[in-house]
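The values are calculated or read from the model by the stated rules, or taken from the named source; none is laboratory data. What you see is a predicted model, and the numbers here were worked out from it, not measured in a lab. Quick note on the areas: whole protein, heavy atoms, side chains included, nothing else; ligands and nucleic acids left out. Shrake-Rupley method; radii C 1.70, N 1.55, O 1.52, S 1.80 Å.
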Amino acid sequence: MPNEKTPTAEKPSFMAAVKEKYFNIYNSKFRVRGEKYHLGETAVAYTLLTPTIITLILLFVLPLIILLVLSVNDFRVNKGVLDFNGIENFLYLMRAEKFWKAMRNTVIFAVVKLSLDVCLALCVALLLDSKVWCRRVMRTIYFSPVVVPVVACSLIWLWFYDPELGPFNQILGWFGIEPLKWLYSSDTAMGSIIAFSVWHGLGYNVVLLLSGLQSVSGEYLEAAKLDGASEMQIVWHIKLPMLMPIISFVISMGIINAFKAFSEVNVMTPDGGPGYSTAMVVNYIHELAFTNGRFGRGAACSIILFCVIYALTALKDKIGGSKEIDG
C-alpha cells in the first residue's frame, strides 16, 4: 500500500492571527481597586464619551481654571498682564461697600422671591389640579411668560412701571391711590423687580408641581375620602408629603436662579437703580469686570458667589434629607 500522507493542520493566515489576537485583547479583563472591568467594553464606552468629555473640559473645567487664576491676579484690560496679588482681590471685596449692598439685595431678593414662588405656585397648581373651568387654557396662560425672553418681558414691564404713562399707576388712580414711582424710588424699586421675577418664573414652578400632583395615586385619595378626610386634610397629609421631592427641587433651582439674577435688573434699573437699591451680586461682577475692567476682582467675586450658592444648596439638602428620613 502506498504511504498515505497524514493530514497536517493548515497554518493560519496572517489576518486570522490578527483577528484572534484582537478578540483576545477585546475580551480580556483588568482589575482596578478589586473590581473587574471588561477591556473592550470600557474602551468603547470611553470612545463614545470622548466628545462629551472634551466639551465639558472646554466649557467648564478650562473656564474654572482660568477663573481661579484670575482671582489671585490683578488683571486689567488696559494692561493685559497678569500681576499676582494673592488674596488681595478677596480682601478688597470684604472692604467694598458696594459688594455688601449687592449681597444684601441678593439675599432679600432670593428670600422674598423664593417664598412667593413656592407659595403661589403651590396654590395655582392645586387649583389647576382640581376640576375648574378651562384648565388647559389656564395652564397655557400661566406658562406662557416662561417662554418669552427675560429682556423682552423686562422692556414691556418697564413701560408698565412708567410713573406717568404706565397702566399700573392708572389702575391705582381708579381706586384713589396716589401714583408710585416704582423703579424710580429706592423704596419700591426692589419690590417692583421681585414682582416681575415672580410673574415671569411662576409658570415653570406651576408645571413642575402640577406634574407631581397628577402623579399622586388615586388609591390614596379614594382611601382618604372613604375615611372621611376633608379636602384640606388630603392636601396637607397626602399631597404635600408626596410633593416634597419636587418642592425640594423647586427650592434648589429657586436659590440658584435668584442668586444669578441679572437681566431684569440690568434692563429695568441700569447701574443698580436709585441708591444702588436693586443691584445684585451678578450686576456687581459685571460692573467690576466689564465696566471697570478689573477682571481679577470680578473673578474673585464670582468665586464667593459660587461658594454662597453651594453652601445654601448643601444646607437645604441636609435639612430636607433629615426631614425626609424623620418622616
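Give me the percent of accessible area attributable to carbon and sulfur for the chain, probe 1.4 angstrom. Walk me through the numbers on the way to the answer.
Details: 14330 of 21470 Å².
Roughly 67 percent, rounded to a whole number.
Can you give the relative contact order of the range 180-249 as a percent, counting alpha carbon pairs under 8 Å and 6+ residues apart? Numbers along the way, then the final one.
On the way: 23 pairs, mean separation 20.3, N = 70.
Relative contact order here is 29 percent.
Between the range 282-321 and the range 223-237, what's the alpha-carbon centroid distance in Å?
44
If you average the sequence gap of Cα pairs under 8 Å that are 6 or more apart and divide by the length of the range 232-327, what percent do you get for the contact order? Please report the intermediate quantities before stating the final value.
Numbers: 51 pairs, mean separation 22.5, N = 96.
Relative contact order, the range 232-327: 23 percent.
With the chain treated as a Gaussian network of Cα nodes joined by springs under 10 Å, which of Leu209, Leu39, Leu59 yields the largest mean-square fluctuation?
Greatest mean-square fluctuation among the candidates belongs to Leu39.
At a 1.4 Å probe radius, which order do His200, His237 fall into by accessible area, largest first?
On the way: His200 30, His237 125 Å².
Correct descending sequence by accessible area is His237, His200.
Leaving ligands and nucleic acids out of the surface, order Tyr276, Tyr204, Tyr220 by accessible area at 1.4 Å, largest first.
Numbers: Tyr276 25, Tyr204 90, Tyr220 125 Å².
Heavy-atom accessible area, descending, gives Tyr220, Tyr204, Tyr276.
Using a 1.4 angstrom probe, figure out how much accessible area the chain has per residue, in square angstrom, rounded to the nearest whole. Numbers along the way, then the final one.
Values: 21470 Å² over 327 residues.
Each residue of the chain exposes 66 Å² on average to a 1.4 Å probe.
How high is the relative contact order of the chain, given as a whole-number percent (alpha carbon pairs under 8 Å, six or more residues apart)?
Numbers: 322 pairs, mean separation 78.4, N = 327.
Relative CO of the chain lands at 24 percent.
Sort Asp162, Asp227 by heavy-atom solvent-accessible area, probe 1.4 angstrom, most to least.
Numbers: Asp162 45, Asp227 135 Å².
Highest to lowest solvent-accessible surface, that is Asp227, Asp162.
Given the rule -39500 (n - 2.57) for each run of at least 4 DSSP H residues, summed and divided by the residues of the chain, what is its mean residue ellipticity at 222 nm, to the nearest 500 deg cm²/dmol? Don't skip to the answer; put the middle values down first.
On the way: 15 runs with 218 residues, N = 327.
When only DSSP H runs of four or more count, the value is -21500 deg cm²/dmol.
Quick one: what does P(r) look like for the chain with 10 Å bins over all Cα pairs, in whole %?
Result returned by the calculation: 5, 16, 21, 20, 16, 10, 5, 3, 2, 2, 1, 0, 0.
Which residue, Ile309, Ile108, Ile141, tops the fluctuation ranking in a GNM of the chain built on C-alpha contacts under 10 Å?
Fluctuation is largest for Ile141.
Report Lys101's accessible area, 1.4 Å probe, all protein chains in place, as a number in Å² to the nearest 10.
About 60 Å², ignoring ligands and nucleic acids.
Which residue, Trp174, Trp236, Trp182, has the most motion in a Gaussian network model of the chain that connects Cα atoms within less than 10 Å?
Checking each option, the largest mean-square fluctuation is seen for Trp174.
Need one value: the accessible area of Cys307 in square angstrom, 1.4 angstrom probe, rounded to the nearest 10.
70
Of Lys101/Lys316; Lys98/Lys318; Lys131/Lys318, which pairs sit farther than 27 Å apart, going by alpha carbon to alpha carbon? It would help to have the intermediate numbers written out before the result.
Values: Lys101/Lys316 24 Å; Lys98/Lys318 32 Å; Lys131/Lys318 37 Å.
Table pairs above 27 Å Cα-Cα are Lys98/Lys318; Lys131/Lys318.
Taking the full set of protein chains and a 1.4 angstrom probe, give the accessible area of Ser277 in square angstrom, rounded to the nearest 10.
Accessible area of Ser277: about 20 Å².
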